[in-house]
Amino acid sequence: MAANSGHVSLDVEGARVQPVPFTPRSELVQKKQAASASNDHTLSQRLGLHELFSLEVWRASVGEVLGTAVLVFMIDCIVISTVESDVKMPNLIMSILIAITIIILLLAVFPISGGHINPVISFSAALVGLISLSRAIIYILAQCAGAALGALALKAVVSHRIEQNFSLGGCTLTVIVPGPNGPIITGIETAQAFWLEIFCNFIFLFGSIWIAYDHRQAKKLGLVLVMSIVGTVLGLLVFVSTTVTATKGYAGAGLNPARCFGAAIVRGGHLWDGHWIFWAGPAISCFGFYVYTQIIPNDHFHCEGYKHDFFGILKAVAGFKNKHK
């Protein structure tokens, strides 16, 4: 028997058997140690609880606060101004302006926190393992705070009539309008808005955020082009969701739960009606997108980040419970 370059050759009574590949013992040991180290991560490490006390993470969240505040103020101003200008296709102009605004803000906030400014991005990034769940929670809280600040800023500069007529640009399913025989409620059904929210958010993740998460595509396309794709897809979804329903009272797919929350917390009233849709719909979309990334071949999606995805956390939770039985 002779060994050569990681292969084993057998000679039996002059007959030579084809080389059989084998893995050196040192490599096997290294692989076992790596697998063991991967399984030894505690639940705290997988959740990233140490980041709750990280000054760096909290400083990065300031970018999320300011970025979301500016986003809410600008988008709501765009919505109000395009409708007030009485142009022929306000939803088209509104969608284009919103896309441009999002692109600029993403490029501005990206160097600070990664440029989320949207709970949909933060939650889905935690599910796929790009960031820790703890960081995602901090970012989402920061985004909600920023959205409230943006709504307060808008309330400070608009008249009472505009605030009442446009509900501070918030997310609505229905509104009360004057009718021939008194006030009437106009808008869309809850189920219709719920499904539209799920579909639009999944398209948002599948059509644009996917590219940002995959480091191969992001590196090849470049930061500016990736952010431009994200903004363009969001603009298209705003246009589609407001056009396909064509119903007064429905403000279109929220596509950003924090934006909906900011206006609701400041304006209150009917903005809380069906508000759960603008959170539940995106959450379902995020889980659906995560499952999709787990189904497709590994070579088709390369995500570099925290490395502890949702299934990994579930395994850690199950292991923790088993140890304490």
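Read-outs: derived from the displayed coordinates by stated rules, not from any lab. Only a predicted model underlies this, so the values are computations on that prediction, with no experimental measurement involved. Reconstructed Cβ throughout: ideal geometry from the backbone, glycine too, with neighbour counts over all protein chains shown.
The table below gives the values:
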{"quantity": "Ranked packing of 186-195, 260-269, 51-60, most packed first, by mean Cβ within 10 Å", "calculated": "260-269, 186-195, 51-60"}
{"quantity": "Computed over region 118-266: relative contact order in percent, which uses C-alpha pairs under 8 Å that are six or more apart", "calculated": "38 percent"}
{"quantity": "Order by protection proxy (mean Cβ within 10 Å, highest first), peptides 310-318, 140-148", "calculated": "140-148, 310-318"}
{"quantity": "Unit charges at the beta carbon, dipole of region 44-132: most positive-side option, Val72, Pro111, Ala126", "calculated": "Ala126"}
{"quantity": "Cα-Cα P(r), region 96-168, percent of pairs per 10 Å interval", "calculated": "18, 38, 31, 12, 1"}
{"quantity": "Diffusion coefficient, µm² s⁻¹, Stokes-Einstein with Kirkwood Rh over alpha-carbon pairs of region 52-203 at 37 °C and 0.692 mPa s", "calculated": "190 µm²/s"}
